[in-house]
Structures are given as structure tokens and as C-alpha cells.
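Trainee: Have a look at the structure that comes next, please.
The values are calculated or read from the model by the stated rules, or taken from the named source; none is laboratory data. Computed from a predicted structure; not experimentally measured. Quick reminder, even Gly has a Cβ in these numbers, built from the backbone with ideal geometry, and neighbours come from all protein chains shown.
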Amino acid sequence: MTDTVFDVLNQPPALEDYNLFTTDHALMQATELNGADWAKDRLTVYGSRLGDAETIEQGRLAHKNPPQLKLFDRFGHRLDEVEFHPAWHSIMALIIGEGLHSAPWAEPKPGAHVARAAAYIMHAQIEPGSQCPTTMTYGSVPAIRKDKHLAETWLPKIYSRQYDGSNRPVTQKTGALIGMGMTEKQGGSDVRSNTTVAKPVGAGGPGEEYIINGHKWFFSCPQNDAHLVLAQSPHGLSCFFVPRWLPDGTKNAVQVQRLKDKVGNKSNASSEVEFHNAHGWLLGEEGRGVPTIIEMGTYTRLDCALGSTGLLRGAVAQALHHVAHRRAFQRHLIDQPLMTNVVADLAIESEAATALALRLARAFDRAEDDPVEAAFRRLCTPAVKYWICKRAPNAVVEAMEVHGGNGYVDEGPLGMLYKEIPLNSIWEGSGNVMCLDVLRAMQKSPDGLEAYFADLIPARGNDKRLDAAINDLKTEFADLSEIEHRARRVVEKMMVTLQGALLVRHSSAAVADAFCASRLGGDWGHAFGTLPKGVDTRAIADRALPV
Ligand SMILES: Cc1cc2nc3c(=O)[nH]c(=O)nc-3n(C[C@H](O)[C@H](O)[C@H](O)COP(=O)(O)OP(=O)(O)OC[C@H]3O[C@@H](n4cnc5c(N)ncnc54)[C@H](O)[C@@H]3O)c2cc1C
């Protein structure tokens, strides 16, 4: 006899065994528009792999079982090891196997950074913690390439797609991962306040060995095979390559103090370390540590924007899936006009982030050969990072609420996305620091703004609200008084206008119209779900549904 009072009714199925690429029209379109159409087959395979129930379960397990620090063995010898759940290693094997740590360097071709960016956006939706070591490795390559000796030993291991999580000298490993250590207790944004010191063993100079003493307050992935570390040397703040193991086969004196107890980003290990006569090799010129490591930061900032784009898409896809299945008051939630307004508003935000993030990734592909793209990249990397990372947390919270009580229960994916989402805005340059960096780029050269406006021009004449926003921006830049005070406003206007231009040119009429009406025309409230009358919310929601 069945007892219907105990039947589980009206609960949506889990969103799994789906393809994160082919169900994301905005991502597919942006990939094609930005020069990586050739990667579609590969991205389709990766999208399917990520959406597989088994991969999703591995991601969940990696988050539910955070890494543990193993400082000593049972006899008291230092180990400085981090123990991970097997699910972490399987997710790492997946992301490294896909080449997200190195493919654009190892196999350069037009669109390589865009193809990687699309895969990165998808990966963020399933297991964002593994993106920390992946991103830092990707970002480290331009700096390491400049040192012939380091490049010979390390690049083949960095380019390898064979993940090797063992704790051994790099020569004995099938692959290597890199991290960075800048932030100290007294200052992260202001790295010039670093107190860690480096003394040359001999005469000193590029490629030479130094002895390092001091600490880092944030030092993610202490298990990585080497870190780029900032320290004060006789000629100023400099960047050092600090391997975990020394060339003579002994352990370098990088002592882990403890792992951070983080709000989210649970699967990833972030630590505090001390250097006790650790050995490091100077990368670049002495006293030029900031420019050396900032080059790495340019790539990691791109990844922050991509990561938040992915987390946002992940939350919006879950929300859309939920409302398409869940019924309340005799109708599916997606058919309740107020809910359609909410999910459509979220879908617009997600598509605008995707269009903007991949446009930026295109500049990374072209910067070397095209000065306009190089100028665009310099100005817009901090601006895009600021804007996408700033917008995404509110949207993820709204997507959580769409799920009702289920959204707030940590068994589902929303909890992980919610706890992860503030992080991209904080690390690699927090919001204010990004906006001030945009001003710095503007002040250094007018080329950035010219490159930025060049992207708006083709969209002119299609939408009155967009045209007005472009004109408004020009007056904003005509008056530079109190520009530091106004930095967030200026960057916000720049980014929202660029998003409008991209959507007007390339998205569906419904999405472009709703974006221009709300974000540019001001016909909008202060929360999501306040799109004005006349917007085709159902068409927007249907376009973004992960089916
Ligand atoms: C999980 C996690 C992992 C991390 N991993 C690493 C790592 O591996 N390596 C590493 O080097 N760092 C790492 N960090 C550190 C991170 O990059 C820093 O926390 C960040 O750069 C901010 O530095 P801070 O914490 O010292 O804050 P502060 O520099 O003190 O900044 C505090 C606030 O002041 C604002 N601010 C700063 N200057 C100005 C100004 N001139 N005008 C207006 N506002 C300003 C900032 O925007 C920020 O909001 C990690 C952080 C986290 C949370």
C-alpha cells in the first residue's frame, strides 16, 4: 500500500547530467564572437564532463572535506604538508588535464585565451576552489619565461597536463603548479610596506640566489611547487622565485604556520607562512618586484572576472532550473509574472557579465600584436574585475532566494556559490584598489580611453538610451575634479555602458532592450526583479534556461 502523505512532491530534480556549454547561449555566442569558435567541440566535451553527476559530486565532496595541515610527522620532523580529500585531486586532475593552467602558453593560437576563459567560466560553476592554483600557475608564466634558466627547468612541467599532487622536487614530478606571496600582516594592497627581506648570497642580480627571511599573511596553495614572493632586497622591493624543494633535493625553509579558516573557498588551502633562511632566485631586476608580479596580477585579475562570471551563471542556471520545475499557487514559478521578472533580471546580469568577460579575454589574445587591444587590456582589466565581481554577489543572493528554503541549505550548490562569490572582489586587488588602478591607467596614457570608446562606437545609433549613456560618459571625463572620490561611479558607468554596447550589438532584442531600459535608462528599482513594463521577461528567461 502506498502512503501518499509521505510521497516527495513538487521538488525539482537536481540539475545534473547536462552540458554547461551547449545550454549556455550567451557563453557559446561570446566564445564565437571573440575568436574561439574553433574550440567549440572541446568546450562541448568539457561542458558535458563538468555537468556530469559524478563530477558535481566530486566538487561537492572537495568542498565538504577541507584540506588539513600536517605540520609534523609523528616523530617531530617538519612536514609542512597539506592533506586533501581524494575528490580534490580528481578535480585538480580534471582542470589541469584541460590545460586551464597553461594551454594558451603551451599551445598558443588566436583565441587561445578566450577558449580557456570559456572553460574557466564553466569550471567555476562546479568547483571554484581548484581555480586558485590553476590561475596562479597561468599568471606566473609570463614572468618565469623571462628567466632562461628557470624557464628551461620549469616550463615543461608547468605546461604538462598531468596533474601531480605529490610532494617531491620538481625534477621528479610530471607537472608543476605555482603560487604567489605578496600580502603581509601590515598590508596587502600596499605591498610596498612588505618587511620580508632578501639578502644576496653572492653579488646578486637577475637569476641570482638570495636568502629570504620574513612572513606572508596570505599564501594560498602552500602545496604548490614554487611561489613568486615579494621581499625587500638591497635595491628595493623585488620578486623572487621560491621553490618548495631546493636543487640539492632538500626542502626549502618555507614554514607553514596555519591554514586560514575561510568563509568559503573551502576546498582550497590558503595559509600563513614564515621564511626562515629560505632560498629564492631573483626574477627580473632588483627593485622592480612590483612590475614583475603585477604582470602575473593582470592574468589573475582576468580570472577573478571570469570566476565571478561563472559563479553568477551557475547560480542563475540553478535558479532558472528551479523555477521551471517548482510550482506554487497552481502554476510553475517561471510562469508567475513577478518571478519571471526576477529570473529575467538575473539572466540579463549573467549574460552581460559573460559578454564583458570574454571581450576582455579577447584583449589578452590580441594585446601582443595590437596596441589598441593592449591599451584596452590595461585600462579595462581592473575595471571589468571590479564591476563583475561587485555585481555578482547580489545576484547570487537573489538566485538563492529564488530557491526558497532549499537555497539556504548547504546540501545544495547555492551555499557553495554564495560563500565563494565575495572572494573574487577581495583578492587580487580589492574594489577600491581596482578603481584607483583604472584612474592610474587613464592618467598614464590616453590610449586606454580611446581603445575603450572604440568599442562603443559600432553600437551607436541602435538605442537612444545607450547613445545617451555614451554622451554622459564623455561629460564625466571632461570634468576630472574629485576623480578619486568618484572612481567607483566612473568605472561603473564605463562598464555598464560597455555591457550595453556589447548586448545591443550581439544579444537578442529582448535582452538588449531590457538591459538598456534598466541599467542605462534608469527604469529600474533597487533590487533584482524590477524590470519595467513592456520587457519580454519570458523570452529572456527562456534564452538562459539550462536546457
Ligand atoms: C582566501 C584568500 C586567499 C588569498 N591568497 C593570497 C595569496 O596566495 N597570496 C597573496 O599575496 N595574497 C593572498 N590573499 C590576500 C589578498 O590579496 C589581500 O587580502 C588583498 O589584496 C587585500 O589586502 P589586505 O587584506 O591587506 O587589505 P588592505 O590592503 O588593508 O585593504 C583593506 C581595504 O582598503 C581598501 N583600500 C586599500 N587602499 C585604498 C586606497 N588607497 N583608497 C581607498 N581604499 C583603499 C581595499 O580596497 C580594501 O577594501 C588572499 C586573500 C584571501 C581572502
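Trainee: Could we say that Ala527 is assigned to a helix (DSSP H, G or I) and not polar (S, T, N, Q) here?
Mentor: It is false that Ala527 is assigned to a helix (DSSP H, G or I) and not polar (S, T, N, Q).
Trainee: Restricting attention to the stretch 468-519, which residues are part of a loop (DSSP other than H, G, I, E, B), more than 14 Å from Cys435 (Cα to Cα) and of a type in the set (Asp, Glu)?
Mentor: Asp479
Trainee: State which residue pairs qualify: first residue of a type in the set (S, T, N, Q) and crowded, with 16+ Cβ neighbours inside 10 Å and inside the stretch 9-24, second residue modelled with pLDDT of 95 or more and part of a loop (DSSP other than H, G, I, E, B) in any location, beta carbons under 9 Å apart, and separation of 6 or more residues or different chains.
Mentor: Asn19/Pro546; Thr23/Leu545; Thr23/Pro546
Trainee: Looking at Asn213, Asn252, Asn224, which one is more than 10 Å from the ligand (Cβ to nearest atom) and in contact with a Pro (Cβ under 8 Å, 6 or more places away or on another chain)?
Mentor: From the options Asn213, Asn252, Asn224, the qualifying one is Asn252.
Trainee: Please list, ordered by first then second residue, the pairs with beta carbon atoms under 8 Å, 6 or more apart or interchain, first in the stretch 516-528 and within 15 Å of Ile540 (Cα to Cα), second of a type in the set (Ser, Thr, Tyr) and assigned to a loop (DSSP other than H, G, I, E, B).
Mentor: If the second residue must be of a type in the set (Ser, Thr, Tyr) and assigned to a loop (DSSP other than H, G, I, E, B), the pairs left are Ser518/Thr530.
Trainee: Among the residues of the stretch 158-202, write down those that are more than 25 Å from the chain's Cα centre (by Cα), without any contact (Cβ under 8 Å) to a residue 60 or more places away in the chain and within 16 Å of the ligand (Cβ to nearest atom).
Mentor: Across the stretch 158-202, the qualifying residues are Gln186, Ser193, Asn194, Thr195.
Trainee: Continuing with this model, one more query. Can you find, within the stretch 233-244, the residue that is farthest from Val256 (Cα to Cα) among those that are away from the ligand (no atom under 13 Å from the Cβ) and out of contact with any helix residue (DSSP H, G or I) (no Cβ under 9 Å at 6 or more places or on another chain)?
Mentor: His235
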